[in-house]
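Below: the structure, in structure tokens.
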Amino acid sequence: MGSKEFKMPLHYPRYTKKEYQEMPEWMLDRLLAEYGLPVVGNLEQKRHFAMGAFLWPNNATKTSNCYSNNANLVDVLRKKNV
């Protein structure tokens, strides 16, 4: 901790949007610092930054389309012997 560089997390934070919205400032500061992210701004700015950094859209359709696109890419590469 204390480093000013981004650190690849061993475990990704699994907080919900509601939990970030209710998280106390000291906890946000600690979370951001743990990952080497900037701990600046007011409470609302820190919450917004943390949600942008750690929350992912939960859209199963996009995920399944992504996998099917990767499968199609693999087929194309196999045909080209790449």
- helices (runs of 4 or more DSSP H) enclosed by the stretch 2-82 - at least 2 residues per element that are modelled with pLDDT under 85 and either among the hydroxyl-bearing types (Ser, Thr, Tyr) or exposed (fewer than 10 other Cβ atoms within 10 Å of the Cβ) (or both): 60-79
- Between a first residue in the stretch 18-35 that is under 13 Å from PHE49 (Cβ atoms) and a second residue that is surrounded by 13 or more Cβ atoms within 10 Å (Cβ to Cβ) and among the aliphatic types (A, V, I, L, M), which pairs have beta carbons less than 7 Å apart while being 6 or more apart in sequence or on different chains? TYR20/ALA50; TYR20/MET51; LEU28/ALA50; ASP29/VAL39; LEU31/ALA50; LEU32/VAL39; LEU32/ALA50; ALA33/VAL39
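The values are calculated or read from the model by the stated rules, or taken from the named source; none is laboratory data. It should be emphasised that the depicted structure is a prediction, and the values quoted were computed from it without experimental measurement. All Cβ positions, glycine included, derive from the backbone under ideal geometry; neighbour counts span all protein chains shown.
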